[in-house]
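Asker: My structure is below; once you've seen it, I'll send some questions.
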Amino acid sequence: MTQPLMSDGANGLPVADEAEKSKASAKSVKMISAIFVVGHAISFGLAFAIYKLGSTSKYDSAAKAAFNADGSGMGAYAFFSAVVYSMLTWWLNMYPLIPKSRVMLQNKQMRSNMYIYQVNGSSPSEQPAVLLDETGDVGMYNRANRSMHHFTEWTGGVLFTSLCCIHVYPFPVFVLIVVLAVGRVLHQNGYATGGYGKHAPGFMLAIASYTTIEMLCLIAGVRQLMLS
């Protein structure tokens with residue numbers, strides 16, 4: 001951890017003019033958009049490969065039957081609901097990166113803070129901001145807990161999609177959940193021991209698994225409508 005926790009503002013946060021803040025937030029928007037488009041394209045490719053290279057006929061039969069007792073094809077909307085909820089979870093987790101970039105700018109050491117507290121006083125803007133301790137064992141503890149919160153923030157989406165998908169692709173979903181679990185462990189260990197940036201490999205592995213399950217849900221829903 002090489003960057004100072006506190007910066008050069010009166011309250012200890014980084015200082016920048018509006019142009020620099022806007023540039024930082026625009027960069028975050030571009031990054032989020034690229035992650036969404038490229039990530040989902042890759043995940044759709046992986047999901048389609050699982051569908052086509054696996055037991056396609058069994059997947060089709062299971063997709064047609066899932067949540068579809070009357071054979072009308074309305075069960076597809078269970079899959080589509082899971083996809084929408086998963087994408088909502090994705091957006092709610094990614095959106096805070098935009099205002100976050102305006103506050104923390106290039107200071108990476110501050111980025112594990114979910115909230116920034118302010119000391120109540122006669123001049124609040126000049127009171128020191130209250131941030132997580134990033135030093136030593138306390139810093140490792142705080143970042144490990146931040147990773148745990150990160151896991152819970154994404155759990156709803158992956159539970160919904162995986163519980164729908166497992167009716168159609170039981171073994172592939174199991175493998176993807178194992179990959180997600182490995183990613184989450186790497187994320188926590190990297191974040192705790194190495195700080196911001198060291199969590200990235202675990203994050204990418206977990207998100208790739210997350211969105212692949214989401215795309216499997218989409219394929220199952222589409223196939224049920226087509227077959228019904």
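The values are calculated or read from the model by the stated rules, or taken from the named source; none is laboratory data. Not measured: the values here are computed from a predicted model. Positions of Cβ are generated from backbone atoms using ideal geometry, with glycine treated the same way; all protein chains shown enter the neighbour counts. Ligands, DNA and RNA are stripped out before the accessible areas are found, and what is left, the full protein with its side chains, is counted by its heavy atoms. Shrake-Rupley method; radii C 1.70, N 1.55, O 1.52, S 1.80 Å.
Asker: Just need the Rg to Rh number for the range 8-135, please, alpha carbons only, Kirkwood Rh.
Answerer: Values: Rg = 22.8 Å, Rh = 18.8 Å.
With Rg and the Kirkwood Rh in hand, the quotient comes to 1.21.
Asker: What nm value, rounded to one decimal, do you get for the distance between LYS23 and VAL222 when each label is placed 7 Å out toward the C-beta?
Answerer: 4.1
Asker: Excluding same-chain residues fewer than 8 positions from LYS21, which lysines have a Cα within less than 30 Å of its Cα?
Answerer: LYS30, LYS100, LYS108, LYS198
Asker: Would you please calculate the Kirkwood hydrodynamic radius of the chain over all C-alpha pairs and express it in Å, rounded to one decimal?
Answerer: Result for the chain stands at 19.6 Å.
Asker: Let me ask something else about it. Against the longest alpha carbon principal axis of the chain, how many degrees, from 0 to 90 and to the nearest 10, is the axis of helix 136-165 turned?
Answerer: 20
Asker: Now, a different point. Divide, for the range 98-228, the radius of gyration over alpha carbons by 2.2 N^0.38 Å, where N is the residue count.
Answerer: 1.38
Asker: So if R0 is 45 Å, what FRET efficiency would ASP137 and VAL178 give, r being the distance between their Cβ atoms, rounded to the nearest 0.05?
Answerer: It comes out at approximately 0.90.
Asker: Expressed as a whole number of Å, what is the distance separating the alpha-carbon centroids of the range 10-54 and the range 164-196?
Answerer: 20
Asker: In degrees between 0 and 90, to the nearest 10, how far off the longest principal axis of the chain does helix 76-94 point, with axes built from Cα atoms?
Answerer: The helix 76-94 is inclined about 10 degrees to the chain.
Asker: Right, another one. Who wins for biggest fluctuation among SER28, SER57, SER147 in a Gaussian network model of the chain, springs between alpha carbons below 10 Å?
Answerer: In this elastic network of the chain, the residue with the biggest mean-square fluctuation among SER28, SER57, SER147 is SER57.
Asker: With a 1.4 Å probe and all protein chains left in place, how much accessible area per residue does the chain have, in Å²?
Answerer: I get 54 Å² per residue for the chain.
Asker: Probe radius 1.4 Å, ligands and nucleic acids ignored: give me the carbon and sulfur share of the accessible area of the chain as a rounded percent.
Answerer: Carbon with sulfur: 67 percent of the solvent-accessible area.
Asker: Rounded to the nearest 10 degrees, what's the angle between the helix 56-65 long axis and the longest principal axis of the chain, both from Cα atoms, 0 to 90?
Answerer: 90
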